[in-house]
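The values are calculated or read from the model by the stated rules, or taken from the named source; none is laboratory data. Note that the structure is a prediction, hence the values are computed from the model and not measured. Using ideal geometry, Cβ is built from the backbone for each residue, glycine included, and neighbour counts are taken over all protein chains shown. Side chains are part of the model used for accessible areas, which takes the heavy atoms of the whole protein and leaves out ligands, DNA and RNA. Shrake-Rupley method; radii C 1.70, N 1.55, O 1.52, S 1.80 Å.
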2 protein chains.
Amino acid sequence: MLEPERILRLEEDAVVFLDQRRLPLEEIEVRCATAGEVADAIRTMVVRGAPAIGVAAAYAIALAAERGEDLEAADRVLRESRPTAVNLAWALEEMRKDPSRDHANRLHRDEVERCRAMAAHTADLLAPGTRALTHCNAGGLATGGYGSAVGALLAAWERGLLEHVWVDETRPLLQGARLTAWELETASIPHAVIADSAAASLMAAGEVDCVITGADRIAANGDTANKIGTYSLAVLARHHELPLYVVAPSTTVDLATEDGPAIPIEERDPAEITERFAARNPAFDVTPAELIAAIVTEAGVHRAPFDRSLAGVVVA
Amino acid sequence: MLEPERILRLEEDAVVFLDQRRLPLEEIEVRCATAGEVADAIRTMVVRGAPAIGVAAAYAIALAAERGEDLEAADRVLRESRPTAVNLAWALEEMRKDPSRDHANRLHRDEVERCRAMAAHTADLLAPGTRALTHCNAGGLATGGYGSAVGALLAAWERGLLEHVWVDETRPLLQGARLTAWELETASIPHAVIADSAAASLMAAGEVDCVITGADRIAANGDTANKIGTYSLAVLARHHELPLYVVAPSTTVDLATEDGPAIPIEERDPAEITERFAARNPAFDVTPAELIAAIVTEAGVHRAPFDRSLAGVVVA
């Protein structure tokens, strides 16, 4: 497992990130000395993944607080850096209560602990010989350590339940091919990268047992925003009678958002797809709760009706 | 429209191809002086698209015949160059009857004429304001002129029925982003390239009215092999109650193949996905007839049950 402090950490005078844009070809660190620089790192995806950007924002606030800077201004620039993941807003609310370095470190530690709890809950759902398909990167890089969906795969592997992982390459930024494959390789878990559009025929061929993804925001009714392509997998999984498991910490559950249509979906620069042609580049999609077999948080396995099963999960 | 002879043609001493691997960045021609070189051009996708590789093989046979070369050997090397598209075998059978240059030219001309007929039939199915989604490149480049699915879009555009085209970028080789977008741009048809995995959420948002693709081989029961990702779109279209129209010439219909599972699916080099990671790279998938609203050939619109509606379509 990637050490949490290798993914991101607070040093004396900077928040330091492993640059996820350059992985796996280069392992380069990026130092951000201000909240504005951390917001840029979030926006440009030096650091990405809902829980990880929450931790990044917490570190930025702690740094600003130590310097006696304007915390409202820091909060604002961080909050606006990316719209879909709710963890960012959650972490900023937490840091309003206590903007100390200790608190930020604790938030980071807590996210990793939640991952271990979710992983165990998810592994409980899997049968021996499982061939799982995952999308994007919901690994240690995305959560600040261990991982949500990838954490579940690690736990299943340790228990001898996992046979193979299909990794959607995840266009346009290839988080699956670049980041998830790298994490699985590090853990020596058998896997193969596939073009996103090949998932359906692997399902039809009986080579997939379940789909496991992370989440960026889970609405009160269970509708889940995650990397573009997740909704596509959800429909395909339903058609092939395979379960979709969403693995995410309670910090990703947003009870204040009623349902999927109320979740803001980021549209990123079409140039990420192509410099040359007209393009559309929605970065996330929403999967209706109806297509999700279970949502696993650190509190356990939540099933439909999600409005009831998720209600108690978020600690106010 | 791209002139057929610009896409591929038979010159005095070579078959000449517009190199589809380099488009749209460079317009370079590749000259193949032997059947072996034409087979390499097919294998490496200098020329691709089921009808176009059939025409390429016909030109190679004509060239070999003029030189008094071993036609059985030429037939064999061409036949083995790619397994899925049936047009290759069809064109080689045709050239056995008459291996002349005139015959090869006529086969090329006929494919383009079939495209125009299919395009008119498909446009008849579309309502004004249609926003179509297409996958891969079933354009003039794929058929040797005008195009099957893209031909249908051209005809719909000329009739004022087409509002917008969503173009799947089509990983791993990006035929949609590189070739279809280029052809639509040339025809001034409004379009945007999307990541393949974004198609589902555009459908859910009500921004797609139908899916139109080409085909590499259509079995007797209507099961259709086409670029990997087509089956995925078929399931997604069904879920969103959108019609999938497959537009292909009768040379793509293979009554000797009973159904989808009997169609050989090419697996290409995983390096096309990534040089670095374990990968799987199926190049085609099979869409069950059950998910296809209509198959359009130059003979007209065929509906289920396809075993009956396709039966008369292939001229023996």
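Out of B:S201, B:S188, B:S250, I need the residue that is within 11 Å of chain A (Cβ to nearest Cβ), open to solvent by 10 Å² or more (accessible area, probe 1.4 Å) and of a type in the set (S, T, N, Q). Which one?
Working: B:S188 fails: within 11 Å of chain A (Cβ to nearest Cβ); B:S250 fails: within 11 Å of chain A (Cβ to nearest Cβ).
Exactly one residue qualifies, and that residue is B:S201.
Does any residue of region B:156-164 turn out to be in contact with a Lys or Arg (Cβ under 9 Å, 6 or more places away or on another chain), within 14 Å of chain A (Cβ to nearest Cβ) and without any contact (Cβ under 8 Å) to a residue 12 or more places away in the chain?
No, region B:156-164 contains no residue that is in contact with a Lys or Arg (Cβ under 9 Å, 6 or more places away or on another chain), within 14 Å of chain A (Cβ to nearest Cβ) and without any contact (Cβ under 8 Å) to a residue 12 or more places away in the chain.
What number of residues within region A:169-181 are over 14 Å from the mean Cα position of the chain (by Cα) and facing another protein chain (nearest Cβ under 8 Å)?
Here the count works out to 5.
Anything in region B:111-168 that is of a type in the set (D, E) and open to solvent by less than 20 Å² (accessible area, probe 1.4 Å)? List them, or say none. Lay out the reasoning, then the answer.
Of all residues in region B:111-168, those of a type in the set (D, E) come to B:111, B:113, B:124, B:158, B:163, B:168.
Across region B:111-168, the qualifying residues are B:E111, B:D168.
Taking the stated definitions as given, is B:D254 acidic (D, E) and within 20 Å of A:P172 (Cα to Cα)? Step through it out loud before you land on a result.
Details: acidic (D, E): yes; within 20 Å of A:P172 (Cα to Cα): no.
No: the conditions fail for B:D254.
Could you tell me how many of the residues in region A:187-212 are at pLDDT 95 or above and among the polar types (S, T, N, Q)?
1
Does A:L233 satisfy the condition of being in contact with a strand residue (DSSP E or B) (Cβ under 7 Å, 6 or more places away or on another chain), more than 9 Å from every other protein chain (Cβ to nearest Cβ) and at negative phi?
Values: in contact with a strand residue (DSSP E or B) (Cβ under 7 Å, 6 or more places away or on another chain): yes; more than 9 Å from every other protein chain (Cβ to nearest Cβ): no; at negative phi: yes.
No; evaluated as a whole, the condition is false for this residue.
Can you say whether B:A181 is touching a residue at least 60 places away in the same chain (Cβ under 8 Å) and closer than 26 Å to B:R268 by Cβ, as far as the supplied structure shows?
Values: touching a residue at least 60 places away in the same chain (Cβ under 8 Å): yes; closer than 26 Å to B:R268 by Cβ: yes.
Yes; evaluated as a whole, the condition is true for this residue.
Is it fair to say A:A279 is modelled with pLDDT under 85, touching a Pro at 6+ places or on another chain (Cβ under 8 Å) and either within 14 Å of chain B (Cβ to nearest Cβ) or crowded, with 24+ Cβ neighbours inside 10 Å (or both)?
On the way: modelled with pLDDT under 85: yes; touching a Pro at 6+ places or on another chain (Cβ under 8 Å): yes; either within 14 Å of chain B (Cβ to nearest Cβ) or crowded, with 24+ Cβ neighbours inside 10 Å (or both): yes.
So A:A279 passes the test.
Please go through region B:4-27 and pick out each residue that is over 21 Å from B:L71 (Cα atoms) and open to solvent by 50 Å² or more (accessible area, probe 1.4 Å).
B:E5, B:R6, B:R21, B:R22, B:L25, B:E26, B:E27
Within the bounds of region A:35-50, is there any residue that is within 30 Å of A:E158 (Cβ to Cβ) and assigned to a helix (DSSP H, G or I)?
Yes: region A:35-50 contains one or more residues that are within 30 Å of A:E158 (Cβ to Cβ) and assigned to a helix (DSSP H, G or I).
Got a sec? Which of A:D209, A:D259 is acidic (D, E), open to solvent by 10 Å² or more (accessible area, probe 1.4 Å) and in contact with a Ser or Thr (Cβ under 7 Å, 6 or more places away or on another chain)?
After applying the criteria, what remains is A:D209.
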